[in-house]
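Enquirer: Quick one: the structure is below, and I'll ask about it shortly.
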Amino acid sequence: MHERNTKIIEAAFRMFARYGVKRTGMGDIAKEAGVARQTLYNAFSSKDEVLSATIDLFTERTLANIRAALTGQATLEDQLDLILDHLSVKPYDMLNATPNAQDIVEGFNNAGQVAIKSGDRQFRKLLSGVLSPYAAAIEASGYTVEQLADFVQVTASSSKQKARSRKHLLQLLRTLKLSVLVAADQVG
């Protein structure tokens, strides 16, 4: 990605977090990025496009961080802790530290939803790779690796939105992790 575009996207992220998606305009993003409005429009034709690019960059960075850290995790339990932390806990904490969290969630319009669905597919692929060494046990439990990866991704993603508190989120994720460990026959 062009360095200028990354700078714009990072500025957009800060503005979305500070004021919400609906109340952030292209002029606000340009000012925060330190670029002219025309420069912004040359890079992104609309706020929807900026929002999609912001989601894509956030997903790309999160996946890169997970992949880099996975090599140091020896057990499936440790790998799941790492993935669930990046997929649910960190976004939950970030949204709850943002004064306009609900506006951010509601601001994910059709363009944002397409970017989110693309990210979801990438997380499922990552999870499938992590679970694939346990395919025989998972299949003996009545699932496929892909079904279990889908279950983990959907449950972890919805948990961060439905949890009543951070403590509740952590309880939900512990239950999810235990379910996966049981299916993979990795409970000691």
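Each value in this text was obtained by applying a stated rule to the coordinates, not by laboratory testing. Source: prediction; values computed, not measured. No Cβ is skipped: glycine too gets one built from the backbone with ideal geometry, and neighbour counts run over all protein chains shown.
Enquirer: I'm spelling it out carefully: the read-out is P(r) over Cα pairs in 10 Å bins from 0, in percent, the candidates are (1) 9, 37, 40, 13, 1; (2) 9, 33, 31, 18, 8, 1; (3) 8, 25, 30, 25, 10, 1, 0, and one was derived from this structure. Which label?
Expert: So the calculated entry is the one marked (2).
Enquirer: Let me ask something additional. For helix 3-19, what angle does its Cα long axis make with the longest principal axis of the chain, in degrees from 0 to 90 and rounded to 10?
Expert: With both axes taken from Cα atoms, the answer is about 80 degrees.
Enquirer: Run the reach check for LYS167 against lysines, Cα to Cα strictly under 16 Å, same-chain hits fewer than 8 apart removed. What comes back?
Expert: Straight-distance partners of LYS167: LYS90, LYS177.
Enquirer: Given the DSSP H assignment, sum -39500 (n - 2.57) over each helix run of at least 4 residues in the chain and divide by its residue total; what's the result at 222 nm in deg cm²/dmol, nearest 500?
Expert: -24000 deg cm²/dmol
Enquirer: Between ALA36 and GLU139, 0.36 nm times their residue separation minus their Cα-Cα distance comes to what?
Expert: 31.5 nm
Enquirer: Which entries in LYS7/LYS125; LYS7/LYS47; LYS22/LYS47; LYS7/LYS31 show an alpha-carbon gap greater than 21 Å?
Expert: From the list (LYS7/LYS125; LYS7/LYS47; LYS22/LYS47; LYS7/LYS31), the Cα-Cα distance tops 21 Å for LYS7/LYS125.
Enquirer: Hey, another quick one. Among ALA68, ALA163, ALA53, determine the one that fluctuates most according to a GNM of the chain built with springs between C-alpha atoms less than 10 Å apart.
Expert: Of ALA68, ALA163, ALA53, the Gaussian network model singles out ALA68 as fluctuating most.
Enquirer: Hey, another quick one. Could the peptides 146-156, 128-138 be put in order, highest first, of the mean number of other beta-carbon atoms found within 10 Å of their residues?
Expert: Answer by packing, highest mean first, reads 146-156, 128-138.
Enquirer: Rank GLN147, HIS168, PHE58 by how far each Cα sits towards the positive end of the charge dipole of the range 55-183 (+1 on Lys, Arg Cβ; -1 on Asp, Glu Cβ) and give me just the farthest.
Expert: HIS168
Enquirer: To test your reading of the geometry: what angle, between 0 and 90 degrees and rounded to tens, separates the Cα axis of helix 145-162 from the longest principal axis of the chain?
Expert: Here the helix axis deviates by roughly 50 degrees.
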